[in-house]
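The values are calculated or read from the model by the stated rules, or taken from the named source; none is laboratory data. These numbers were taken from a predicted model, which means no experiment stands behind them. Neighbour counts run over all protein chains shown; Cβ positions are idealised from the backbone, glycine included.
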C-alpha cells in the first residue's frame, strides 16, 4: 500500500518551528515552557496596548489623531499566574489614571481561561460569531474560528443542565409563565419552536428564573410537563400563577398544583379584545373596558361588563363573550388588596424579561440546534439576572397580605 504524502503546508510549518527552536536554543520541556511564557506575555502586552489605543482614541506616536487631553504615561510591572507559570508584564498606563484594562484587570492575578470568559460574555450579550472573531482579533490580535467559539460555548452545556435541574424552594408566592418563540433547524427544516419560561417570586420577595424549556409549539400539554418538572425539583406549592390566555393552561396548572390561584393576564386580554376594533371606536371602547378591569371590586366590575356588552355587542360581540368565558381567572385579583393586585394582574415581570432576551437574540434569525438556542438564552439569563438584587419594594406589605389569605400554606 502506497504511503500517504505529507501535507506540504503542515510540513513547512514544522520546518519553520524546528528552525525557530534551534535559533532560540530550545532543547528541553523547561525551555518550551519559558518560550510559551514569553509568547503569552508578548501577546498580553500587545493586547493591553491595543486596549489603551482604543481608550485614548489614537495609537502610540500618532499625535496627529490625538483628540483628548489624556495621554500615555509609561508602564507599570505586574505578575500574573498562568498554566505555564508566573509571567512578568509591563502594563501601559495613562496620565489621568482612567484606563481600566479588560484583558488583564487591575486586581487580576491569573489569566487561566480569561479569553474564554470574554468570548462567553460577548456571546451572552448577543454578539454574532463573526463580531466576536473581529473583536478578539482587533483588540487582542488573536484569531478564533467559528468552531473554536462553538467549542468554548459548548462548555457551558453541562452548567445549563445543572441549572435546569437545581433544587427549588418549596413555596413560591407567585410564578409567572409565558413562552417566547424562535426558529430552529431540525432535520433539514426550519421549525418555529416555543421556549417555555417560568419566573418565580419567593417568600423573601426576590425574583428567580426557575427554568427554560424548548418545545415544538406552545401547548397546555407541554406546560403540564414543565409544571411536573418544577414539582420534581422540590416546588411543592405555588400560591398564585400568572399566565396568558392559552387554551387549557388553567387545567394544566390545576392538575399539577390544585390549590394554586390562577390570574390570567389582564393586559393580554385587553390586547386581544382591541385587536380588530376600528380606530374611530378604540378610545371610547377602551374607556368602557377600564370600567371593568380598574373597578374597585368584582361586583362593580361585573356591572361594568354588563354595560359594556349592552353598548358594544352589536358591533363587537366577541369581546364581552371572551371576558365572560374567562372571567373566573381574569377576576382573581379582585379578592386581594391593592398591594397584591399590582403584583399579579399583569405578566409584565416575565414580558420585560422576554424583551431583554429578544434584544440579545435579535442577531440570530435561525438557531442551528436546540442546544445552541439554550446556550445563548442561558448566558443571557445569567447576565440579566445578575442585576436582580434585593427584594421587591413594598414586599413587607405584600407578604403580610399573603399571610392572611394563605395562612395555612406559608
**OP:** Working carefully through the options 208, 169, find the one that is touching a strand residue (DSSP E or B) at 6+ places or on another chain (Cβ under 7 Å), surrounded by 13 or more Cβ atoms within 10 Å (Cβ to Cβ), part of a loop (DSSP other than H, G, I, E, B) and touching a residue at least 24 places away in the same chain (Cβ under 8 Å).
**Re:** 169
Original post:
If you go through region 230-248 one residue at a time, how many are within 23 Å of residue 169 (Cα to Cα) and surrounded by 19 or more Cβ atoms within 10 Å (Cβ to Cβ)?
Top reply: 8
Subject >> Counted residues, region 89-100 - those being within 15 Å of residue 41 (Cα to Cα) and surrounded by fewer than 17 Cβ atoms within 10 Å (Cβ to Cβ) >> reply: 1
**OP:** Check region 76-88 and report whether any residue there is surrounded by 15 or more Cβ atoms within 10 Å (Cβ to Cβ), modelled with pLDDT of 80 or more and touching a helix residue (DSSP H, G or I) at 6+ places or on another chain (Cβ under 6 Å).
**Re:** yes
Original post:
Taking the condition within 16 Å of residue 265 (Cα to Cα) and surrounded by 12 or more Cβ atoms within 10 Å (Cβ to Cβ), does residue 311 pass?
Top reply: no
**OP:** Just need a number here: residues in region 309-326 that are in a helix (DSSP H, G or I) and touching a helix residue (DSSP H, G or I) at 6+ places or on another chain (Cβ under 8 Å).
**Re:** 8
Original post:
In this structure, is residue 340 more than 13 Å from the chain's Cα centre (by Cα) and surrounded by fewer than 14 Cβ atoms within 10 Å (Cβ to Cβ)?
Top reply: no
**OP:** Evaluate region 272-291: report whether one residue or more is within 30 Å of residue 229 (Cβ to Cβ) and surrounded by 15 or more Cβ atoms within 10 Å (Cβ to Cβ).
**Re:** yes
Original post:
Which residue pairs have Cβ atoms closer than 7 Å, lie 6 or more positions apart in sequence or on different chains, and pair a first residue in region 2-31 that is not assigned by TED's automatic domain parsing to the domain that holds residue 85 with a second residue that is in a loop (DSSP other than H, G, I, E, B) and at pLDDT 70 or above?
Top reply: none
**OP:** Identify, from the list 400, 363, the residue that is more than 31 Å from the chain's Cα centre (by Cα), surrounded by fewer than 17 Cβ atoms within 10 Å (Cβ to Cβ) and at negative phi.
**Re:** 400
Subject >> Sole residue being farther than 30 Å from residue 408 by Cβ, assigned to a helix (DSSP H, G or I) and within 29 Å of the chain's Cα centre (by Cα), chosen from 306, 351 >> reply: 351
**OP:** Tally the residues that are touching a strand residue (DSSP E or B) at 6+ places or on another chain (Cβ under 9 Å) and either on the phi > 0 side of the Ramachandran plot or at pLDDT 75 or above (or both), restricting the search to region 54-75.
**Re:** 8
Subject >> Selected residue [part of a strand (DSSP E or B), surrounded by fewer than 19 Cβ atoms within 10 Å (Cβ to Cβ) and within 21 Å of the chain's Cα centre (by Cα)] from 161, 192 >> reply: 192
